[in-house]
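Chemist: Below are the structure tokens for one structure; questions will follow.
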Ligand code: SF4
Ligand code: MG
């Protein structure tokens, strides 16, 4: 069953294009990775799902969640969606958790708002905390954010995200601010818990390998467009779009130890600066004359004029 559908989603902010024709489905219980360099529109795609858009934003196309047109929801419908059906985990947990209140307050607030009695809310918060591995859950409840490391606090945010038993988790670079070992642990917890519950996940990262490790499918974004969608398990064998291949070649694992991290040659484009034809034409090693003028249509699994020959 399809839970989330983006159909030719377009977004402009103050008249400047940010997203163009973004189409993507997420099935119930499915994990989809949204991968690309910064500025490719990953965060704005996810924000469009819950209508967290800046002033001056104009939206085209549709976003459907569980059949409902998100951009047509009234205030009550939108509140319900954000507080119950869809949970969000962002890059910096300290920006999310109120610094002066306790972890217990943070966790129980949303349940109390939904009318759950205090005792039951605390019980549920403790259970949720134990599931994300934070040591003594009872003690954590009394602590304040500054007493916890970034990794522990992000686990608290994940516990909070799971509390309302959402159907979809939107995770935007949830571990980028953490050190590498902690990153792996936090991603493993998120992955394990959402699988146990059958919660769908839209996972934003610039790390293709990480996305492939935890997701069922990968959508690769460039300059406000999705250029390729493929099963995570087939990433290395089936990637055909030149940008996906460039990302694969640039992954840290492809570099000998001690060597500098490879990057994709050329300057990343945004939807605003990208060429009129193929958005990747400036950096693509295979670009032909028509690539600059003629926009490739997304067919099958990717948008590229040369799919048949690459
Ligand atoms: Fe490269 Fe042309 Fe394909 Fe774009 S359409 S990715 S420029 S070959
Ligand atoms: Mg971002």
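A quick yes/no check of all residues on (1) more than 16 Å from ligand 2 (Cβ to nearest atom); (2) on the phi < 0 side of the Ramachandran plot; (3) more than 16 Å from the chain's Cα centre (by Cα); (4) not in a helix (DSSP H, G or I):
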{"residue": "7", "(1), (2), (3), (4)": "yes, yes, yes, yes"}
{"residue": "10", "(1), (2), (3), (4)": "yes, yes, yes, yes"}
{"residue": "18", "(1), (2), (3), (4)": "no, yes, yes, yes"}
{"residue": "33", "(1), (2), (3), (4)": "no, yes, no, yes"}
{"residue": "78", "(1), (2), (3), (4)": "yes, yes, yes, no"}
{"residue": "82", "(1), (2), (3), (4)": "yes, yes, no, no"}
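Chemist: Of the numbered conditions (1) in contact (Cβ under 8 Å) with a residue 24 or more places away in the chain; (2) in contact with a helix residue (DSSP H, G or I) (Cβ under 8 Å, 6 or more places away or on another chain), residue 118 satisfies every one except a single condition; which is it?
Modeler: Just one mismatch for residue 118, condition (1).
Chemist: Additional query: Would a scan of segment 9-16 turn up a residue that is within 23 Å of residue 297 (Cβ to Cβ), surrounded by fewer than 21 Cβ atoms within 10 Å (Cβ to Cβ) and in contact with a strand residue (DSSP E or B) (Cβ under 8 Å, 6 or more places away or on another chain)?
Modeler: Checked against the condition, which is being within 23 Å of residue 297 (Cβ to Cβ), surrounded by fewer than 21 Cβ atoms within 10 Å (Cβ to Cβ) and in contact with a strand residue (DSSP E or B) (Cβ under 8 Å, 6 or more places away or on another chain), segment 9-16 yields at least one hit.
Chemist: For segment 172-183, enumerate the residues that are surrounded by fewer than 16 Cβ atoms within 10 Å (Cβ to Cβ) and either under 12 Å from residue 158 (Cβ atoms) or touching a helix residue (DSSP H, G or I) at 6+ places or on another chain (Cβ under 9 Å) (or both).
Modeler: Within segment 172-183, the first condition is being surrounded by fewer than 16 Cβ atoms within 10 Å (Cβ to Cβ), and the residues that meet it are 176, 179-181.
Passing the criteria: 176, 179, 181.
To keep it simple, each residue is scored yes or no on (1) modelled with pLDDT of 95 or more; (2) touching a helix residue (DSSP H, G or I) at 6+ places or on another chain (Cβ under 6 Å); (3) more than 10 Å from ligand 1 (Cβ to nearest atom).
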{"position": "254", "(1), (2), (3)": "no, no, yes"}
{"position": "263", "(1), (2), (3)": "no, yes, yes"}
{"position": "267", "(1), (2), (3)": "no, no, yes"}
{"position": "280", "(1), (2), (3)": "yes, yes, no"}
{"position": "286", "(1), (2), (3)": "yes, yes, no"}
{"position": "291", "(1), (2), (3)": "yes, no, no"}
{"position": "294", "(1), (2), (3)": "yes, no, no"}
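Chemist: Please specify each residue of segment 212-234 satisfying the condition of being touching a strand residue (DSSP E or B) at 6+ places or on another chain (Cβ under 8 Å), farther than 16 Å from residue 25 by Cα and surrounded by fewer than 24 Cβ atoms within 10 Å (Cβ to Cβ).
Modeler: Selection gives 212, 214.
Chemist: Follow-up question, since we're still on this one. Residue 52: part of a strand (DSSP E or B) and in contact with a strand residue (DSSP E or B) (Cβ under 9 Å, 6 or more places away or on another chain), yes or no? I'd like the intermediate steps shown before the answer.
Modeler: Numbers: part of a strand (DSSP E or B): no; in contact with a strand residue (DSSP E or B) (Cβ under 9 Å, 6 or more places away or on another chain): yes.
Answer is no for this residue.
Chemist: Let me ask something else. Which residues, counting only those in segment 274-310, are outside any loop (DSSP other than H, G, I, E, B) and under 16 Å from residue 246 (Cα atoms)?
Modeler: Within segment 274-310, 302, 303 meet the criteria.
Chemist: Is it the case that residue 38 is surrounded by 14 or more Cβ atoms within 10 Å (Cβ to Cβ) and either within 13 Å of the chain's Cα centre (by Cα) or in a strand (DSSP E or B) (or both)?
Modeler: Taking the combined requirement at face value, the residue does not satisfy it.
Chemist: In this structure, does residue 199 turn out to be buried (at least 22 other Cβ atoms within 10 Å of the Cβ) and at pLDDT below 90?
Modeler: no
The values are calculated or read from the model by the stated rules, or taken from the named source; none is laboratory data. The shown structure was predicted, so the numbers you read here are calculated from the model rather than taken from an experiment. For neighbour counting, all protein chains shown are included, and Cβ atoms are generated from backbone atoms with ideal geometry for every residue, glycine included.
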